[in-house]
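Okay, structure first, notes after.
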Amino acid sequence: MDTDPREYEKIVVNENDIHKIVQSYLIHHCFRDTLESFLACIGVKPSVENSEDMDRRKRIFHFALDGNASKAIELTNEYAPGLLEENKDLHFDILSLQFVEFVCTRKIEEALAFAQSKFTPFGKDQKYVAKLEDFMALLAYEEPEKSPMFHLLSSDHRHQVAENLNRAILAHTKQPGYSAMERLIQQTTVVKQCLSQECFKDGNEPFSLKDFLK
Amino acid sequence: MGGVEDDEPPTKRVKVFSGDSRVHSCNISAIDQGGSSLSDSMARLLTSQEDDDIVGTKGVIKKTELIRIIAEALYSLGYSKSGARLEEESGIPLHSGLVDLFMKQILDGHWDESLATLHEMDLMDDKIIKLASFVILEQKFFELLDGKKIMDALKTLRADIAPLCVNNDRVRELSYSILNLSLEMSDDRVSGQEMRLKSRKELLEELQKLLPPTVIIPENRLVHLVEQALDLQRDACRYHNSSVGEMSLLTDHQCGKDHIPCQTHQSSVFYVVCIGAGHSEMMLDCCLVLHEHGDEVWFVQFSRNGKYLASSSGNCIVIIWEVMADEQVCVRHRLTGHQRPVSYITWSPDDRQILTCGTEEVVRRWDVVSGECLRIYEKSGLGLVSCGWAADGQSVFSGVSDKSICMWDTEGKEMECWKGQKTIRIADMGVTKDGKELITVCKETSILLFEWERNSEKFIEEDQIITSFTVSDDRKFLLVSLLNEELHLWNIDGVPKVISKYKGHKRSRFVVRSCFGGLDEAFIGSGSEDSQVYIWHRVSGELILTLGGHSGAVNCVSWNPTNPHMLASGSDDRTIRIWGLNRMDSSAAAAAAVSACSSSSSTAASNDHTNGVANGCNGKTL
């Protein structure tokens, strides 16, 4: 069921709403400079807290992405104390980033020492055992990139963890965990898919945003 | 196990003795090179080469192998001096020098050297080499961990173990176990294989199993072969019906017919002695013949604990007999009440009650101890044709003349009724092992396995009309009796299939029933219209015995489940015969006969001379 594009013309979109959407996106991803330019263009004063918050999160995010987990943890504890204690999964994920960093730079002894001091508390909890086994197994291979656990070394994995950390911090500081843009796209996709299922369209293609925006 | 050829590719020969230049079976005598039609074994007999020395008359035992397993047996038994002496005298070492070195290196913990020796062994199979190396290195790893040399252990893991690319899951576990050291408190978290340190001896045993048997003789090989032979002897024994009597290595095991019940015994009232010359088992012809029914005996069935026998006759009477300690059988209760002859009796799972089913009449439930009728199950306007107990003894099933199956609780309340083509007028009903399926004959040539809880059906199709069936004690087998005088044995554990067929008995007009019986239900018994009881050996299908004595068609047989030496048969000649072992030889029997008789006047008691004189103690002549 494809809506006639002329239907769209009937809906009036508020400029302010659009500004808010753009802002939320920029804030979420810590694009401070861009945000300041944008706000200047639309004639809104930037808020100081916002800027500071973005700065901090940006640093934490990049440390995490680079695998410098100890710095990321230090800053997180400073900015959002208690966050990691509450969020054991996240804590484990970040520690594992550091571990992976050791492994990749072939610092085996440090990796082992790190594992023994940091990972052991997690070992008591049954649900982390499988993950621990995965990471520890990396130690067994002289070329971890070629081991069965190579996916743990990928940048995708690091990105995912850094994102999770960012979201957790946002939640902790009472900000929305998802940018409005993201949510809107998700909403549209789900609704479109529901509708096409209901109309029993033959050859149910999943909603493609790209096609839609053409 | 086979010879050298089994594990290796055919083009190469494994050099079992590294120091030796001898290579098996490549040396063929001149006689053979021309004769390609000669079989291998013939060739070996003709050669006089030492390598292919054969022991025994069948040409299948290689001398070197025999000596080696004997030497291994001597060492295993602790006679190392004798073992060494044998090796020396025969010139055949148990293991090659290389293997001896290997074993020593393992026990001493010289891992790297042992790995080198392993590679020298010329094993041909890469996979085995890798597996064995893995196991050895694993031991090295654990011993290092145990000695707190963690980095060394890790190095071994990284440099030696992981590159083998064998058993990655185990590598994971080993890696984790390094961390686990710090988590000493909890053992229950260890997943998969054990993480404890094996002893070196255990390691050696494991390696012995991994490496091919030609390299290292498996432990206790000779004992294993002997046990195998005894198993085969026992399986082949047609009359094996006693657990009493150990098998000896000194002679082949062979039970005589005297382990199968083939005699009807003396009852103390009727004592008939019939002594003939000759020494066959049929020396004595005594009778334990039960006359109490007074009409054609249609059905007999022992209880599960073998202490009771239930029987029914054409005059609508059911008798419960008690089997006494001295194998006498006495009447316990006469149960009256049925208006039609009882065609089927079944014992409850705890043997305290029986269900009797009149021919298209009612089903009655009786208490065995008191003889009281506890309940009558009936359906108005219809007749019940068969009956069965649920596995927990709390409900009763019955086939109905309108082809449905009904289920009642112990109070007599009807709980369920399944309609449709569920059962025809055949009185047998069975229950499968898990208690979930009922077995009935639903069409002329089909048996229904009815899972009543889920209302699902499975069928066993026969190619002939079915007249009756019986289920084995372990509920894994079904014995089906067919119109064409054949018995088919079905395995119903899993996908049903026919395993054996038994023939020989006669059945043309009546329902003739059969049973499983003997030690481990190794025999099949059946009645027959020619007045005999037929007994087959179950596994081989061979008819091993026919028992004569009845003077009318034998309708039903039942083998005592707890006494493999007691069989009951019910016949149209109005008697039940209890068959037992022929335990006595002629002279002892005669003596016993004399002493058991109250009046000696009319007894012919001398052995060996008289022929076929039948006399009763109380003067009756039969």
Inset, instruction - Select the strands (runs of 3 or more DSSP E) contained entirely in the stretch B:354-404, then report the ones holding at least 2 residues which are β-branched (Val, Ile, Thr). - result: B:395-400
Legend entry - Qualifying position, being outside the structural domain of residue B:218 (by the TED database) and open to solvent by less than 50 Å² (accessible area, probe 1.4 Å), among B:69, B:92, B:106, B:54: B:54
Legend entry - Test: residue A:160 is at pLDDT 85 or above and surrounded by fewer than 19 Cβ atoms within 10 Å (Cβ to Cβ): yes
Inset, instruction - Consider residue B:476 carefully, then state whether it is within 30 Å of residue B:503 (Cβ to Cβ) and touching a residue at least 24 places away in the same chain (Cβ under 8 Å). - result: yes
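Here is a yes/no grid of residues against (1) under 22 Å from the mean Cα position of the chain (by Cα); (2) over 22 Å from residue B:301 (Cβ atoms); (3) modelled with pLDDT of 90 or more; (4) not in a loop (DSSP other than H, G, I, E, B):
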| site | (1), (2), (3), (4) |
| --- | --- |
| B:540 | yes, yes, no, no |
| B:544 | yes, yes, no, yes |
| B:564 | yes, no, no, no |
| B:574 | no, no, yes, no |
| B:590 | no, yes, no, yes |
| B:601 | no, yes, no, no |
| B:613 | no, yes, no, no |
| B:621 | no, yes, no, no |
Inset, instruction - Please verify whether the stretch A:85-105 includes one or more residues that are in a loop (DSSP other than H, G, I, E, B) and open to solvent by less than 60 Å² (accessible area, probe 1.4 Å). - result: yes
Inset, instruction - Residues being over 22 Å from the mean Cα position of the chain (by Cα) and either open to solvent by 50 Å² or more (accessible area, probe 1.4 Å) or of a type in the set (D, E, K, R) (or both): count how many of those fall in the stretch B:435-477. - result: 16
Inset, instruction - Determine which member of the set A:44, A:12 is more than 30 Å from residue A:65 (Cα to Cα) and either in contact with a helix residue (DSSP H, G or I) (Cβ under 8 Å, 6 or more places away or on another chain) or surrounded by 15 or more Cβ atoms within 10 Å (Cβ to Cβ) (or both). - result: A:44
Legend entry - Elements of type helices (runs of 4 or more DSSP H) in the stretch B:57-149, at least 3 residues being touching a residue at least 40 places away in the same chain (Cβ under 8 Å): B:63-77, B:97-108, B:126-146
Inset, instruction - Could you look through the stretch A:126-157, keep only residues that are within 19 Å of residue A:90 (Cα to Cα) and at the interface with another protein chain (Cβ under 10 Å from one of its Cβ atoms), and pick out the one that is surrounded by the most Cβ atoms within 10 Å (Cβ to Cβ)? - result: A:136
Inset, instruction - Hey, could you check the stretch B:362-395 for residues that are polar (S, T, N, Q) and out of contact with any Gly (no Cβ under 8 Å at 6 or more places or on another chain) and say which is farthest from residue B:321 (Cα to Cα)? - result: B:380
Inset, instruction - Working carefully through the options A:146, A:131, A:118, find the one that is touching a residue at least 24 places away in the same chain (Cβ under 8 Å) and of a type in the set (D, E, K, R). - result: A:131
Inset, instruction - Residue by residue through the stretch B:413-434, note down the ones that are more than 21 Å from residue B:477 (Cβ to Cβ) and either open to solvent by 20 Å² or more (accessible area, probe 1.4 Å) or part of a strand (DSSP E or B) (or both). - result: B:413, B:414, B:415, B:416, B:417, B:418, B:419, B:420, B:421, B:424, B:425
Legend entry - Residues satisfying the stated conditions in the stretch A:107-125, i.e. more than 9 Å from chain B (Cβ to nearest Cβ) and within 21 Å of residue B:168 (Cβ to Cβ): A:111
Inset, instruction - Report yes if residue B:393 is open to solvent by less than 30 Å² (accessible area, probe 1.4 Å) and at pLDDT 90 or above, otherwise no. - result: no
Inset, instruction - Assess whether residue A:54 counts as being within 14 Å of chain B (Cβ to nearest Cβ), surrounded by 15 or more Cβ atoms within 10 Å (Cβ to Cβ) and not hydroxyl-bearing (Ser, Thr, Tyr). - result: no
Legend entry - Condition broken by residue B:155, with the remaining ones in (1) open to solvent by 70 Å² or more (accessible area, probe 1.4 Å); (2) at pLDDT below 85; (3) on the phi < 0 side of the Ramachandran plot satisfied: (2)
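Here is a yes/no grid of residues against (1) exposed (fewer than 13 other Cβ atoms within 10 Å of the Cβ); (2) modelled with pLDDT under 90:
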{"position": "B:75", "(1), (2)": "no, no"}
{"position": "B:81", "(1), (2)": "yes, no"}
{"position": "B:86", "(1), (2)": "no, no"}
{"position": "B:96", "(1), (2)": "no, yes"}
{"position": "B:120", "(1), (2)": "yes, yes"}
Legend entry - Filtered residue count, the stretch B:528-538, keeping only those that are farther than 14 Å from residue B:487 by Cβ and assigned to a strand (DSSP E or B): 0
Inset, instruction - Test residue B:506 against the criterion of being basic (Lys, Arg), open to solvent by 30 Å² or more (accessible area, probe 1.4 Å) and touching a His at 6+ places or on another chain (Cβ under 8 Å), and give yes or no. - result: no
Inset, instruction - Search the stretch B:136-151 for residues being open to solvent by 10 Å² or more (accessible area, probe 1.4 Å) and closer than 15 Å to residue B:114 by Cα, and hand back the single one that is nearest to the other protein chains (Cβ to nearest Cβ). - result: B:138
Inset, instruction - Within the stretch A:57-70, identify whether any single residue is part of a helix (DSSP H, G or I), touching a Leu at 6+ places or on another chain (Cβ under 8 Å) and under 30 Å from residue A:15 (Cα atoms), and answer yes or no. - result: yes
Inset, instruction - Take residue B:209 and decide whether it is more than 14 Å from every other protein chain (Cβ to nearest Cβ), at pLDDT 85 or above and open to solvent by 70 Å² or more (accessible area, probe 1.4 Å). - result: yes
Inset, instruction - Name the single residue, out of those in the stretch B:317-341 being assigned to a loop (DSSP other than H, G, I, E, B) and in contact with a Ser or Thr (Cβ under 7 Å, 6 or more places away or on another chain), that is nearest to residue B:383 (Cα to Cα). - result: B:340
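The values are calculated or read from the model by the stated rules, or taken from the named source; none is laboratory data. Bear in mind the structure is a predicted one, so any value in this text is a computation, not a measurement. Methodologically, a virtual Cβ is constructed for each residue, glycine included, from the backbone with ideal geometry; neighbour enumeration extends over all protein chains shown. The protein model used for the area step is the full one, side chains on, heavy atoms only, and it has no ligands, DNA or RNA in it. Shrake-Rupley method; radii C 1.70, N 1.55, O 1.52, S 1.80 Å.
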